[in-house]
Amino acid sequence: MGFEDAVRAHAEDLFRFAYWLTRDRAQAEDVVQEALLRGWRAFPRLRERGAAKAWLFSIVRNEFRRSRGAAGAGAESLDGMEIADERQDLAGLEMREALHALPPAYAEPLALQVLGGFDCAEIARMLDTTEGAVMTRLTRARQALRRLLAPRERQGGRA
């Protein structure tokens, strides 16, 4: 698989992830564009072509952090970050509020799993942590979402 094929195969997921990180369509486009430029330059050094998707997601994540650092917004922390969600229905808004309440340590692996379709081993490599830590964070993220959404379900039978 060549670079162009990898980009075509994963462009939508890369943009969704960048949009989730940035909460802004224009900034997400900039992050993806810069990430793809960096990826294009480094692609000849990629040894495992089958790992292109995780590699591209990592570049997007790093480019987001780099752009936040350049803007003076704390490149090493995703704290205080909102989660972008274009859905406008009530259930979507309730889910968005619940996701906003998650600590970034739980929200980021959940986004990589849901938006990127990565398994725990891939997420662990991307976040430079252990597979067990990722599984714990995902479990805690889901438990926290259930707790946050449960009162709403009892009140209105939604979510």
Find all pairs meeting these conditions: Cβ atoms under 6 angstrom apart; at least six residues apart or on different chains; first residue within region 87-102 and closer than 23 Å to ARG140 by Cβ and of a type in the set (D, E, K, R); second residue modelled with pLDDT under 60 and surrounded by fewer than 17 Cβ atoms within 10 Å (Cβ to Cβ). ARG96/ASP85
Do you know which of the residues in region 19-51 that are among the aliphatic types (A, V, I, L, M) and at pLDDT 90 or above is surrounded by the most Cβ atoms within 10 Å (Cβ to Cβ)? VAL31
Would you please list the contacts, defined by Cβ atoms under 8 Å and residues six or more apart or on different chains, that run from a residue in region 111-127 that is more than 22 Å from ALA101 (Cα to Cα) and of a type in the set (D, E, K, R) to a residue that is open to solvent by 30 Å² or more (accessible area, probe 1.4 Å) and part of a helix (DSSP H, G or I)? ASP119/GLN113
Does LEU138 meet the test of being free of Cβ contacts under 8 Å to residues at least 40 places away in the same chain, of a type outside the set (D, E, K, R) and surrounded by 16 or more Cβ atoms within 10 Å (Cβ to Cβ)? yes
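The values are calculated or read from the model by the stated rules, or taken from the named source; none is laboratory data. Because the structure is predicted, anything quoted here is derived from the model rather than measured. Every residue, glycine as well, gets a Cβ built from its backbone with ideal geometry; the counts of neighbours run over all protein chains shown. In case anyone asks, the SASA skips ligands and DNA or RNA and just uses the protein heavy atoms, side chains included. Shrake-Rupley method; radii C 1.70, N 1.55, O 1.52, S 1.80 Å.
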